[in-house]
Structure formats: structure tokens, C-alpha cells
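Following: one structure in C-alpha cells, then a few remarks.
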Amino acid sequence: MNVLGLETSCDETGVALYSTERGLLADALHSQVDLHAVYGGVVPEIASRDHVRMLLPLIRKVMDEAGVEKPDAIAYTAGPGLVGALMVAGGMANGLGIAWGCPVIAVHHMEGHLLAPMLESEPPAFPFLALLVSGGHSMLIAVRALGDYRLLGTTLDDAVGEAFDKTAKLLGLGYPGGPALAALAEQGDELAIEFPRPMLHKPGFDFSFSGLKTAVMLEVRKAQAEGVLETRKADIAASFQRAAVDTLIARALKAAKAEGLDRIVVAGGVGANKLLRKDIAERFDGAVYYPRMEFCTDNGAMIAVAGALRLGEAAIADEIKAQPRWSLETLDVPPARQ
Ligand code: KG4
Ligand code: ZN
């Protein structure tokens, strides 16, 4: 069975075709980063319009590359995300479903992220702990089976990706800041500044990044006042990255231990962070799984594979589901797997 996956929840237009027998057949991605960069963040209306422009050409490209005329099902991101942006893939999936006479599946964006390692040659088995870290979320989830998700901890304020982006902005690195900040950090000394590791001594598994963000802001102001900001930037970036990564890893290891889980999946945009990938693998006794770099950030392949795993729920198009807020814990275990 071939499943076409469509992703337009934020600022990437992602399309992919996944075969349940042969794996990923083709995928294409268009990033809107350049369009939003001048505004310092995603502008929802611009995002929706650009998805409208790019989605169909990308679908044509992927279908041509895979040599497939018509898929057996279409999966699309139905939330969470920007409502206008979500409507683009939702409308397209439902329209194509009617035209092609194939069923559609509404996929949860974060389920897509946490299932992205299923695209790799050695996918994780259930159960596992998922550390989902993106621009909108920082979550620790106990994953017992497909659709069986229990939220152990989440952020009380900023998501970790947001903290990377805001710190990068303070350092004048532009948008999106995560990758730029990580690159600058490689030239700095991570021991130069002792930033706080928020929440580490508190019980539970929640995160908080606003204290760290404020500490960075004060450090930037101090360096500015002393006229040494330019020479200190790399040290600030490296010390911030070390504090953020340490916090994520310490919370994840504690949660894995408490839940008796010996597998950790790291997914979401911040999962592309090299320091996080290296250190968590070194510090965890069990096995760590991640998607390949390009499938950490938003993409169509993760939506196609999530759709393929939920094929049993594919239904004839009848409504466009676009849910800006949607808790992972409300998802169901597909009947065939209960
Ligand atoms: O999953 P994603 O593409 O979109 C959301 O659903 O949010 O994640 C984007 C986030 C951004 O905040 C970006 O700065 C961050 O992931 N990011 C990184 C890296 N690459 C992307 N953060 C730290 N290090 C990276 N290498
Ligand atoms: Zn995402």
C-alpha cells in the first residue's frame, strides 16, 4: 500500500510517498524560512499562501519520482499548528481523496515526529520514552504502543526550540536561530558561563526555559555594557546550548528510569542538535533512536509513515480537520492493535 503524506502545519511544505512494503519511495520539502526571516518569526498568513503555491507542484514531483499514479491513501497533518496553514494540506488531501477515490487519514503532527524514527533501517520497538523537542513543544512521553501516549512532563513556559530561537535573536543570529546558534556554539567555550539548569532539582518531569532565557539576556546586556559582546557571543551560545542540553538529558534519563524504559526516541526540530544526539547516547544505558537529520524538523515523510501505521482508520473524505490545539494523549490505539 502506498500512502501520500502532506505536511503544512507551520513553515515547511512537506510531501512524501511511503510504501508499507518498500519503505520511503520519494519525498520533497520546501522551506519558507527566507519568507519569514525578515519578520523574525513565522507570519501565519504568508505561511498559508505559500503552502497553497507549493503543495501541488511538490505532490506532482513526488508522485513522478516514485512512478506512482495514484496512492492507496492520503495522510495529512490535521494539527496542532497554524489553522490557516493546516487547512491547506487538509483541503488538498480531501479534494484529492475524492478525485482519486482513495481514503484520507488525519494525522497528529507530534505523533508524526515521534514515529519519524520508524523510517530508519533499525526502528525502535515499543515501548519507549519519547523526548519531543521542537519550536512549539518540549515533552516527555511514555509510549507503550501506537496511540498509547502518556504525557510525563512538558514545558511550563517556552519550548526548548523557542529558547534556542530567542537566544539566537539576542545574539543577532536571525531566524530560525537553532541551527545558527548550534553552529556558533562550536567555536565557543561551554564552560565560560555557568547558566542555570532550570527545574533540575524539582520533582516531576516538567521543563522550564524562561529562567535560562533571562540569564542569557542579562549576560548579553553585561557583555554589551562592557563592549565585549562580539568576542563573547560564541561563549554565550556554547554555554546556553550546554545548559539547555543538560536539562533535557537529565529530565529524560530520570523519566526513563522512573518508567523502567530502556529505549529513548529523540524527535522534533531540536533533535537535530548534534550535542544533544551525542550526549544522550553517551549518558543513557539503553538504546537511543533518532530520525535522520532532515526528518527531525517538519517533513512529509513522518506524516506518511504515521498514516501508514494508521491505515485502518483511513476514511472517505468528508470533512477537513484542522485542529490548532490537540493533545497527543487524546489519540486512540488503532483497533487492529488493541
Ligand atoms: O519540529 P520543528 O521543525 O517545528 C516545530 O514543530 O516547531 O522544529 C523547529 C525548531 C526551531 O525552534 C529550531 O530553531 C529548532 O527546531 N532547531 C534546532 C536545531 N535545528 C532546528 N535547535 C537546536 N539545534 C539545532 N541543530
Ligand atoms: Zn514539528
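So that you can scan it fast, the table gives a plain yes or no per residue for (1) assigned to a helix (DSSP H, G or I); (2) surrounded by fewer than 16 Cβ atoms within 10 Å (Cβ to Cβ):
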position	(1), (2)
A163	yes, no
A168	yes, no
G172	no, yes
Y175	no, no
L181	yes, no
G188	no, no
F195	no, no
H201	no, yes
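Among the residues here, A238 does not qualify as free of Cβ contacts under 8 Å to residues at least 40 places away in the same chain and assigned by TED's automatic domain parsing to the domain that holds S138. Looking at segment 182-198, is at least one residue at positive phi, at pLDDT below 95 and touching a Phe, Trp or Tyr at 6+ places or on another chain (Cβ under 7 Å)? No, there is no match, as no residue in segment 182-198 is at positive phi, at pLDDT below 95 and touching a Phe, Trp or Tyr at 6+ places or on another chain (Cβ under 7 Å). For segment 257-271, the candidate set comprises residues that are buried (at least 24 other Cβ atoms within 10 Å of the Cβ) and of a type in the set (A, V, I, L, M); within that set, the residue that is nearest to ligand 1 (Cβ to nearest atom) is V270.
Is there a residue being more than 8 Å from ligand 1 (Cβ to nearest atom), free of Cβ contacts under 8 Å to residues at least 24 places away in the same chain and assigned to a loop (DSSP other than H, G, I, E, B) anywhere in segment 125-136?
Just the residues of segment 125-136 that are more than 8 Å from ligand 1 (Cβ to nearest atom), to begin with: 125-132.
Adding the requirement that they be free of Cβ contacts under 8 Å to residues at least 24 places away in the same chain leaves 126.
Still in the list and also assigned to a loop (DSSP other than H, G, I, E, B): 126.
Yes - at least one qualifying residue is present in segment 125-136.
Taking (1) at pLDDT 95 or above; (2) over 22 Å from A85 (Cα atoms); (3) of a type outside the set (G, A, S) in turn, L311 satisfies each apart from (1). When segment 28-61 is filtered for residues that are in a helix (DSSP H, G or I) and not aliphatic (A, V, I, L, M), the ones remaining, listed by number, are D34, H36, P44, E45, S48, R49, D50, H51, R53, P57, R60, K61. When segment 198-220 is filtered for residues that are in contact (Cβ under 8 Å) with a residue 12 or more places away in the chain, of a type outside the set (A, V, I, L, M, F, W, C) and closer than 18 Å to L140 by Cβ, the ones remaining, listed by number, are P198, G204, D206, S208. When we screen V15, V43, V38, V33 for residues that are surrounded by fewer than 18 Cβ atoms within 10 Å (Cβ to Cβ), in the same structural domain as G95 (by TED's automatic domain parsing) and touching a residue at least 60 places away in the same chain (Cβ under 8 Å), the only hit is V33. The condition of being within 14 Å of ligand 2 (Cβ to nearest atom), buried (at least 23 other Cβ atoms within 10 Å of the Cβ) and either under 22 Å from L328 (Cβ atoms) or not assigned by TED's automatic domain parsing to the domain that holds R263 (or both) holds for A116.
Inside segment 1-27, can you point out the residues that are within 16 Å of ligand 1 (Cβ to nearest atom) and either over 15 Å from V88 (Cα atoms) or assigned to a loop (DSSP other than H, G, I, E, B) (or both)? Give the derivation first.
First, the residues of segment 1-27 that are within 16 Å of ligand 1 (Cβ to nearest atom): 5-16, 27.
Across segment 1-27, the qualifying residues are T8, S9, C10, D11, A16, D27.
For A223, state whether it is more than 16 Å from ligand 2 (Cβ to nearest atom), out of contact with any strand residue (DSSP E or B) (no Cβ under 8 Å at 6 or more places or on another chain) and under 21 Å from R150 (Cβ atoms).
Working: more than 16 Å from ligand 2 (Cβ to nearest atom): yes; out of contact with any strand residue (DSSP E or B) (no Cβ under 8 Å at 6 or more places or on another chain): yes; under 21 Å from R150 (Cβ atoms): no.
No; evaluated as a whole, the condition is false for this residue.
Based on what the data block shows, is A142 surrounded by fewer than 23 Cβ atoms within 10 Å (Cβ to Cβ) and either part of a helix (DSSP H, G or I) or without any contact (Cβ under 8 Å) to a residue 60 or more places away in the chain (or both)? Spell out the reasoning first.
Numbers: surrounded by fewer than 23 Cβ atoms within 10 Å (Cβ to Cβ): yes; either part of a helix (DSSP H, G or I) or without any contact (Cβ under 8 Å) to a residue 60 or more places away in the chain (or both): no.
No; evaluated as a whole, the condition is false for this residue.
Would you confirm whether or not segment 56-69 contains a residue that is in contact with a helix residue (DSSP H, G or I) (Cβ under 6 Å, 6 or more places away or on another chain) and surrounded by fewer than 24 Cβ atoms within 10 Å (Cβ to Cβ)?
Within segment 56-69, the first condition is being in contact with a helix residue (DSSP H, G or I) (Cβ under 6 Å, 6 or more places away or on another chain), and the residues that meet it are none.
Taking every residue of segment 56-69 in turn, none turns out to be in contact with a helix residue (DSSP H, G or I) (Cβ under 6 Å, 6 or more places away or on another chain) and surrounded by fewer than 24 Cβ atoms within 10 Å (Cβ to Cβ).
For segment 62-103, a residue qualifies if it is outside any loop (DSSP other than H, G, I, E, B) and either closer than 14 Å to Y18 by Cα or not assigned by TED's automatic domain parsing to the domain that holds A317 (or both), and the qualifying residues are V62, M63, D64, E65, A66, A73, I74, A75, Y76.
The values are calculated or read from the model by the stated rules, or taken from the named source; none is laboratory data. Since this is a predicted model, take the numbers as computed values, not measurements. For neighbour counting, all protein chains shown are included, and Cβ atoms are generated from backbone atoms with ideal geometry for every residue, glycine included.
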